[in-house]
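The values are calculated or read from the model by the stated rules, or taken from the named source; none is laboratory data. Bear in mind that the values here come from a model prediction, so they are computed numbers and not experimental data. Reconstructed Cβ throughout: ideal geometry from the backbone, glycine too, with neighbour counts over all protein chains shown. Accessible surface areas use protein heavy atoms only, side chains included; no ligands, DNA or RNA. Shrake-Rupley method; radii C 1.70, N 1.55, O 1.52, S 1.80 Å.
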Amino acid sequence: DDNQTVFRLSGAYLLHAEALANLGEENRARDMANIVRDRAGARPFTSSGKDLKEDIFFERCRELMGEGHYWYDVVRTKRIIDNDYKFGYHCTVQQFKDGAWTWPLSEKTRVNNPKIVLNEYWR
């Protein structure tokens, strides 16, 4: 199977930084993100507020490029419904709620699991 997801320490640091930034703990968020920046020989982040969150997001993009995390980051941060992000796929808030970001499931899935809830978008 070649569909394995690799988790790296830098990814964990940056997810931690994202969570801290969302909790308003910007100093700790910068410290966590700057661990990754320092290892890469890049200048430390000094931003705050929305700019810090953006910096952390794009640092994950750079650090984990090609490793299969980008789509999940775009969905998790709801950038998929933000018209300012042009990354190849966009959906409306209603399409997001209806499951446009998920894989489609066939009605035949109910044969093996009659309690499964199919998402509305792909019907």
Which of these, R28, R39, R60, has the largest mean-square fluctuation under a Gaussian network model of the chain (Cα springs below 10 Å)?
-> R39
The answer for the longest stretch of the chain without any exposed GluC sites (Glu not before Pro) (DSSP loop, at most 15 further Cβ atoms within 10 Å) is 26-66
Counting pairs of alpha carbon atoms under 8 Å apart in space and at least six apart in sequence, what relative contact order in percent does the chain give?
-> 16
With N set to the residue count of the chain, report its C-alpha Rg divided by 2.2 N^0.38 Å to two decimal places.
-> 1.29
In whole percent, what relative contact order does the stretch 76-123 give with Cα contacts below 8 Å and a gap of six or more residues?
-> 30
The chain accessible area per residue, 1.4 Å probe, protein heavy atoms, integer Å², reads 71
Listed residues N34, N113, N83, most fluctuating in the chain (Gaussian network, C-alpha, under 10 Å) | N113
Using a 1.4 angstrom probe on heavy atoms only, work out the carbon and sulfur share of the accessible area of the chain in %.
-> 53
3J(HN,Hα) from dihedral phi, the stretch 105-110, Karplus parametrisation 6.51/-1.76/1.60, rounded to Hz, x for glycine, proline = 10, 6, 4, 5, 4, 5
Can you give me the Cα centroid spacing of the stretch 68-98 and the stretch 7-30 in angstrom?
-> 20
Rounded to 10°, Cα long-axis angle of helix 9-22 versus longest principal axis of the chain | 90
